[in-house]
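Report on the structure given below.
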Amino acid sequence: MAGEREFLEVDVLIIGAGPAGLATAIRLAQLMEQHNSEVDSGLRSGEKFSTENICVLEKGKEIGAHLLSGAVLDPRALRELLPEFEGDFSGKISTCSPVRRDAVYFLTEKDSWKLPVNPPFLNNHGNYIVSLNRLGEWLGQKLEAMGVTIFTGFSGTEMLYEEGRIVGVRTGDKGINRQGEHKSNFQSGYDINAKVTILAEGPRGSLAKQLILEKRLDNGCNPQVYALGIKELWEVPEGSIEPGTVMHTAGWPLNLSQYGGGWLYALPQGIVSIGLVCGLDYTDPVFDPQEAFQLFKTHPLFRKILEQGRLLRYGAKTIPEGGWFALPKLATDGVMLVGDCAGFVNSRRLKGIHLAIKSGMLAAETAFDALRKNDFSEGQLADYAIRVERSWIKEELWPVRNYHQALEKGLFRGSLHVAMQMLSGGRGLHERYSNRPGHERLQKLQNGSNPPKKIRFSPDGKLTFDKQLDVYHSATKHDEDQPSHLIITDTNICSERCTAEYGNPCQYFCPAAVYEIVEEKEGLSKVHLNPSNCVHCKTCDIMDPYQIITWVPPEGGGGPNYQNS
Ligand code: SF4
């Protein structure tokens, strides 16, 4: 009823229907079904479980709507979870192709050099180029068939605590206007109480951020560092490029001190995924990742593939790159963290989907044991971290534990470190390399005034686009009459300090033109927000030099629609 908060009780609540959250729910439902059939056949005693008591909350309008990745999938975890994947998904969905050709290039502005041999960690033989959006939809259908409760268009806005332990999540209110007043369609959020809550929100999850801070789950960890991936999906004439082609690049348009690189993946029917990843630990405050990506497409290597094609979709997403030493404590009383939200990404292999799925499966097995023992304490849920330690996740991430830290030193020095790490099982010169949060590396302007932009660029509207046109192709939509979901705690810092010290980098790093700096009287500037443009990448929450921007979920259902991305 409007105005009254309703309650729901479930066994396990999963926040986020990305690969980690969906895998958690599927594995848990599988374990419950297996348990129930063993109880029915007398092989096991005890109560039966209902898969309806697994609840998945997804902020997107539909499962898959907010899912975006390159993506080349290592199918290892998916084969373990759903052995039918190969026949059922990869053989039938047009936005999926086995990798057939794999090449790595170093780029300068006009030239490219193909590496004679791919580094072993970039060998994608046996992997699949997929649309993460379609993979999410397919996993969602599996979940529905298993009877799991799924609420789409609902975001978790607050963790619920009882005597210090997590007992669930409150969902966001709906129907509040820009001034914070109730509209005629006002509906209070729900309190969803759960024995175990699993956060699978993706990179820089807003609940995970609160929880990690509150419970100090990152004590003793390296700070998490992120990259921003910007992607476009194109349709090109069939025959322009062989389906199954994977191209990765280093170098231009990034400078040699920047972390990142580009990709182009070719799917069947002339569909091409192209994108650029930029480490969110760059130093130049006026660097603009979306602009750099537009330049990237003009390289002769890509221009010839794209110039007869057309843009279908645009999107942006951050990627946690910190690796093993940046993983927070994975569980505390009543709650676990999985997938990108915890930081399970192998940045050397440029892959995280398989780790997200596997971490979800291990969290599900831990949650199932906890349900059987009726024990949801930190001590019981700590089994999840032990399972991760004993799994192939640790085997894969331990040898790359110092990878991103090495590349903080730039491409050439970093490559030497990486080579030493490869020879020493990931150690390099020290057992553990430290790093700084990315925003701390941003350098102040030299003379206190905004310098000319380093990259001068005018989009042509055919191959290259401005942010507004790109945002249009993200299909992002929000109800305009709602409070801003970008909270700036002190806008005076923006106009008084940031303008002089950094030149307001938010107007450059946001890939969706949400932040505009408008001149007011007497030369003073003010930040103007266009929250409706937001594609939920979280870059502003991460990269703001004063850490005064907080991204909170907008009204459920708002955001991009990454169909086929
Ligand atoms: Fe990304 Fe923040 Fe811009 Fe939204 S406002 S698109 S989260 S940088």
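The values are calculated or read from the model by the stated rules, or taken from the named source; none is laboratory data. Note that the structure is predicted; figures quoted are calculated from it, not measured. A quick note on method: Cβ atoms are made from the backbone with ideal geometry, for glycine too, and the neighbour counts reach across all protein chains shown. Surface areas here come from the heavy atoms of the whole protein model, side chains and all, with no ligands, DNA or RNA. Shrake-Rupley method; radii C 1.70, N 1.55, O 1.52, S 1.80 Å.
Table for the structure above
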quantity	calculated
Value of [θ]222 nm, deg cm²/dmol, for the chain, DSSP H segments ≥ 4, -39500 (n - 2.57) each, nearest 500	-7000 deg cm²/dmol
Exposure rank, largest accessible area first [Phe325, Phe7; 1.4 Å]	Phe7, Phe325
Rg and Dmax of region 125-276, Cα atoms only, in Å	21.4, 62
Mean-position separation - Cα centroids, region 81-127 and region 422-448, in angstrom	29
Accessible-area value, Tyr161, 1.4 Å probe, nucleic acids and ligands omitted, Å²	90
Whole-angstrom gap from region 499-518 to region 151-202, using each part's C-alpha centre	30
Computed accessible area, Phe151, all protein chains, 1.4 angstrom probe, square angstrom	70
Isotropic mean projected area of the C-alpha convex hull, region 350-509 (nm²)	16.6
Local electrostatic count at Ile166 - Lys and Arg +1, Asp and Glu -1, tallied over other residues with Cβ under 15 Å	-4
Label-point separation in nm, Ala250 to Gln210, each point 7 Å along Cα→Cβ	4.1
Sum of side-chain charges, Thr476 neighbourhood, beta-carbon under 15 Å (Lys, Arg +1; Asp, Glu -1)	+2
The chain - Rg over Rh from alpha carbon coordinates, Kirkwood radius	0.96
Antiparallel DSSP beta bridges within the chain, as percent of all bridges there, nearest 5	70
Inter-site label distance for Glu242 and Asn193 at 7 Å from Cα along Cβ, in nm	6.1
Ranked by how many other beta carbons lie within 10 Å on average, peptides 382-392, 210-220 from highest	382-392, 210-220
The chain - percent of accessible surface contributed by carbon and sulfur, probe 1.4 Å	48
Mean projected area in nm² (Cα convex hull; one quarter of hull surface) for region 1-134	14.4
FRET efficiency, Trp392 to Asp88 (Cβ-Cβ, R0 25 Å, nearest 0.05)	0.60
In nm, spacing of pseudo-spin labels at Leu463 and Ala513 (7 Å Cα→C-beta vector)	2.2
Distant-in-sequence amide H partners of Val56 (H built 1.01 Å from N, under 5 Å)	Ile14, Thr149, Ile150, Phe151
From phi via Karplus (6.51, -1.76, 1.60), per-residue ³J(HN,Hα) for region 127-137 in Hz, x at Gly/Pro	9, 10, 7, 10, 8, 5, 4, 6, 5, x, 4
Global geometry of region 447-551, whether rounded, prolate or oblate, following the gyration tensor of its Cα atoms and the 1.5 cut on a/c	oblate
Residue-normalised accessible area of region 382-484, given per residue in Å² at a 1.4 Å probe	57
